[in-house]
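Here is the structure we will look at, set down as structure tokens.
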Amino acid sequence: MTANGCQAPSLTRLAGCQPAESAKLADIQSCSAFRAQLFDGITGFLRSKFFALALLIGIGISLLVIPAFTGRLSANPLEKLLHQSGEISIWILGVVLALTPLRVLFPRSRIVAALNRHRRMIGVAACVYGLLHFGFHILYEGSLDGLARSLSKPFIWLGLAGLSILAALTLTSNNWSVRTLGGRNWKLLHRLAYVAATLLIYHQSIAGKGHWYVARWLLFPLLALQIARLTKTLFTRWARASRPMSPNPPSADSYFRKRETSLTKSGQKVAGRPSQLKQLAALRARSGSAFGAITTPL
């Protein structure tokens, strides 16, 4: 019992409970800190240019170079390389077009933000693999006459149009082009990527039998992402527009009064502290009175 009649807490109970609870809390904090460090490491790795270069180059090495040197291509190696390079190009272009809707749908996702840092590099890679696809097409035709005959097919022209757009976007994927064209014009130009994707998906779907399955697995997810993005954007704008207005909006006089107060405060910060301003004013007053005493006529 304590002096005021209350029962004191048991020391054995405190000794038995507090260390266990503190140890459990320490374990939870250490686990959460480890998960945070692990997640920071993953997002930091995804943000690095090394990851993007290694992934984009590794796709070509694993799907084009290694099968070509190990003899794992089909009976017609050029035809296999032709189709494989085209599929790589169109899938990479689909990844580029999917990053912006994912950023709108998941604005707080650090992984999506990290991947969006590589959009320019991924778009350039899509053009490079598209140029490889066109080069394999020239080799596959074997001669200028065969290449000229292939130009009579509509899907070839669709592919050339989409590849030309990708080449133009690749040539302007640099900071100098952004400064020269201006941010607004540059964004409008690079929205042609949607036109290129439409042309290339249609080119892929009508290229021959068995190619539609690649186009549909790319087309439908992209359409779903774009619809979800537009829906969220419109809903957000509608929610902002439907917010009730303030019953007493600030008047112009109050705005200018606040503006004058802020300018006065900023002027005081620039000129010095208020105490220094008072000393300066007192010094000016004394100097003015002394000058007046000297010039006063007798």
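For segment 106-165, enumerate the residues that are among the basic types (Lys, Arg) and over 22 Å from residue 78 (Cβ atoms). Outline the logic, then answer.
Applying the first criterion (among the basic types (Lys, Arg)) to segment 106-165 yields 108, 110, 117, 119-120, 149, 153.
Residues satisfying the conditions are 108, 110, 117, 119, 120.
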> In this structure, does residue 117 turn out to be open to solvent by 70 Å² or more (accessible area, probe 1.4 Å) and either at positive phi or without any contact (Cβ under 8 Å) to a residue 60 or more places away in the chain (or both)?
Replying inline: no
> In the list 199, 225, which residue meets the criterion of being of a type in the set (A, V, I, L, M, F, W, C) and touching a Gly at 6+ places or on another chain (Cβ under 8 Å)?
Replying inline: 199
> Is there any pair with a first residue in segment 39-68 that is open to solvent by 80 Å² or more (accessible area, probe 1.4 Å) and a second that is among the small types (Gly, Ala, Ser) and at pLDDT 90 or above whose Cβ atoms are under 7 Å apart and which are 6 or more apart or on different chains, and what are they?
Replying inline: 47/114
>> Of the conditions (1) among the aliphatic types (A, V, I, L, M); (2) more than 23 Å from residue 190 (Cα to Cα); (3) part of a helix (DSSP H, G or I); (4) open to solvent by less than 70 Å² (accessible area, probe 1.4 Å), residue 90 satisfies every one except a single condition; which number is it?
In response: (2)
> Which residue, of 115, 131, 163, 151, is of a type in the set (A, V, I, L, M) and at pLDDT below 90?
Replying inline: 151
>> I need a count of the residues in segment 164-180 that are surrounded by fewer than 17 Cβ atoms within 10 Å (Cβ to Cβ) and in contact with a helix residue (DSSP H, G or I) (Cβ under 7 Å, 6 or more places away or on another chain).
In response: 4
> Just one of the numbered conditions (1) at pLDDT 85 or above; (2) over 32 Å from the mean Cα position of the chain (by Cα); (3) open to solvent by 70 Å² or more (accessible area, probe 1.4 Å) is not true of residue 4; which one?
Replying inline: (1)
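The values are calculated or read from the model by the stated rules, or taken from the named source; none is laboratory data. Quantities reported herein were computed from a predicted structural model and do not represent experimental measurements. Here the Cβ is made from the backbone with ideal geometry for all residues, glycine too, and neighbour counts use every protein chain on show. Accessible surface is based on the protein model in full, side chains and every heavy atom, while ligands, DNA and RNA are left aside. Shrake-Rupley method; radii C 1.70, N 1.55, O 1.52, S 1.80 Å.
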